[in-house]
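J.: Here you go, one structure.
The values are calculated or read from the model by the stated rules, or taken from the named source; none is laboratory data. Predicted, not measured: the structure shown is a model, and the values here were computed from it. As a convention, Cβ positions derive from the backbone with ideal geometry for all residues, glycine included, and neighbour counts pool all protein chains shown.
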Amino acid sequence: MRIEQVNQVECTAVEASLSPWAPRRAVVWLSTAARGSALWAVIAAGLATRAGTARRAAMRGMTAVAAASAAGHVLGGLLGHRRRPRAEHLPARQALPEHPDSSSFPSAHATAAAAFTTALWLEHAVLGAAVAPLAVVVAYGRVRTRVHWPTDVAAGAALGVATALLTRRIPLLSPE
């Protein structure tokens with residue numbers, strides 16, 4: 001099956017399951033706040049003000065985000081450009097202030113969300129559990145606003161989790 005045929009099957013499934021109307025403000029806000037990993041950097045900065053495990057978790061989280069973002073860009077470059085879902089006319093897409101035209105695969109938002117959350121969870125399970133709902137909403141928001149195919153988000157999340165697991169072995173410069 002060619003990639004265009006896969007996109008058509010995915011598009012039909014997405015259209016059938018999601019409303020074309022604008023998503024809730026919280027979904028749009030979190031998706032926008034996560035652009036460029038800003039949401040995760042703000043959370044990490046807050047955690048870094050605390051000593052001990054919280055600070056170490058913040059450092060691990062941002063290390064994972066940096067590595068996952070780099071890996072996602074390399075992967076996307078190797079695989080070539082994948083078109084985003086055609087939905088410019090829908091209120092769901094128009095709700096976002098950004099209108100990306102870069103390659104859709106993998107979702108950088110989902111990659112960073114999964115990397116940060118997984119790294120936090122590996123270091124401090126309660127912090128990871130507290131941040132996980134934000135990561136889920138960010139990933140969902142990318143599909144809900146029609147800027148990504150579901151497989152873009154799934155691949156980004158898988159890449160983020162894998163990168164967080166790999167970066168756990170990197171020694172921190174200053175754990176305390």
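J.: Tally time: how many residues in the stretch 105-152 are surrounded by fewer than 24 Cβ atoms within 10 Å (Cβ to Cβ) and in contact with an Asp or Glu (Cβ under 7 Å, 6 or more places away or on another chain)?
T.: Summing the residues that are surrounded by fewer than 24 Cβ atoms within 10 Å (Cβ to Cβ) and in contact with an Asp or Glu (Cβ under 7 Å, 6 or more places away or on another chain) in the stretch 105-152 gives 3.
J.: When the residues of the stretch 133-176 are filtered to those that are β-branched (V, I, T) and out of contact with any Leu (no Cβ under 8 Å at 6 or more places or on another chain), which remaining residue is farthest from L30 (Cα to Cα)?
T.: I170
J.: I'd like the full set of residues that are in a helix (DSSP H, G or I), more than 16 Å from the chain's Cα centre (by Cα) and modelled with pLDDT of 65 or more, limited to the stretch 1-58.
T.: Listed by number, the residues that qualify are R25, A45, G46, L47, A48, T53, A54, R55, R56, A57, A58.
J.: Which one is nearest to M62 (Cα to Cα) among residues in the stretch 126-176 that are basic (K, R) and either more than 12 Å from the chain's Cα centre (by Cα) or outside any helix (DSSP H, G or I) (or both)?
T.: Applying the filter and picking the extreme gives R168.
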